[in-house]
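The values are calculated or read from the model by the stated rules, or taken from the named source; none is laboratory data. Everything numeric here is computed off the predicted structure, so don't read it as measured data. Positions of Cβ are generated from backbone atoms using ideal geometry, with glycine treated the same way; all protein chains shown enter the neighbour counts. Accessible surface areas use protein heavy atoms only, side chains included; no ligands, DNA or RNA. Shrake-Rupley method; radii C 1.70, N 1.55, O 1.52, S 1.80 Å.
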Amino acid sequence: MNSYQASLHLLIFLTLITTSIASPIYSRIGCNDTCGIVRIPYPFGIGADCSVNPWYIVECTSSKPYLSALNHLELLDVNLENQTVTVKTPTISYCLNPYWVSNKRMSIDLGRSPFLFSKSHNKFVFEGCGNAVMMDNGSVVTGCSTYCRKGSFEEEHKCYGINCCETTIPHYLKSYVMNLTGLHGTGDCGYGFLVDENSYLRGRFSVAAKKASVPISLTWILTSSDIQDCCQGAGSPFNLELNMGDGTSVHTQKCFPGLRYVGNPYLSYGCEVREECARCPYNCYYDTIYEDDGSSRLTNFTCTPTYPMSSENKSSIAIGNILSRSLSS
């Protein structure tokens, strides 16, 4: 075959691939996959027939989605890769009389729901003059205290220890109690909250508003009875073990789409080949970074007839290989 014929065959191949690229499917067939500006992918669904079980039913009211079985919390985002939802929850606050110490307490319990407060995607924040402690079943989980200086916070949603402190939570939680203690002599207000880290860094809310609420990240749990198969390219569901910090753990099933695919791995028909891979006439590869919660991100896409190796002898993960790994958080 001469070079002209080879080029022609390659052009025809790329043309066929281009026309076969389809948009991923995120909801069950016959179900809406958006409410307002929020995508609602399966296992969640708008209506009882569109979700995996009643806990995952989403009610769409005035173009805003709510988890009807979870205290009707407003749903801000569903992340399939992280296996989390972002919802609005209330803050705890106080405003001080200058002559005495103020204490405030608030508790939140997710009960028997298949949701946990995410260890990896939340942070505990206190804005004010004093200290804040998070407890679970009578034991201290985490906490922080501030150096007090009269005036406003250094910079909104950025804590450096002056009038604001922040810390991580060491494990997943089903419930927590938050105690705030404001110091006398300041006359200022203070606010404590568990908050989705990305939303906090981007400053998407105000805690000073009346009846303020903040975005928080919840990990959702699926059992083997909820899910039997993942999409093409994802293989069988993985079993993840989530540490609860009290000597117990919670198990959840998770679908990982093959690195070649995008879409919803929780639907057998929900995944499509990534566009760059579909356009590659050879083998497509990525370098992959895995996070401690099982999520991953891809870097350094390569389209080549040979298997690439980096200068540091770190192999990329080839599309189509069967991956076996044990994940725990």
Those residues of region 72-88 which are open to solvent by less than 40 Å² (accessible area, probe 1.4 Å) and under 8 Å from the mean Cα position of the chain (by Cα) amount to 78, 80, 82, 83, 84, 85, 86
Kindly indicate whether any position in region 224-238 is modelled with pLDDT of 75 or more, over 21 Å from residue 51 (Cα atoms) and part of a strand (DSSP E or B).
no
Pairs, first more than 20 Å from residue 262 (Cβ to Cβ) and among the acidic types (Asp, Glu) in region 73-87, second open to solvent by 30 Å² or more (accessible area, probe 1.4 Å) and part of a strand (DSSP E or B), C-beta under 9 Å, six or more apart:
74/64; 74/66; 74/88; 74/213
If you check residue 31 against the conditions, is it on the phi < 0 side of the Ramachandran plot and part of a strand (DSSP E or B)?
no
What number of residues in region 104-126 are open to solvent by 10 Å² or more (accessible area, probe 1.4 Å) and in a strand (DSSP E or B)?
7
Taking the criterion of being in contact with a helix residue (DSSP H, G or I) (Cβ under 8 Å, 6 or more places away or on another chain), at pLDDT below 85, not β-branched (Val, Ile, Thr) and not assigned by the TED database to the domain that holds residue 252, would at least one residue in region 203-211 satisfy it?
yes
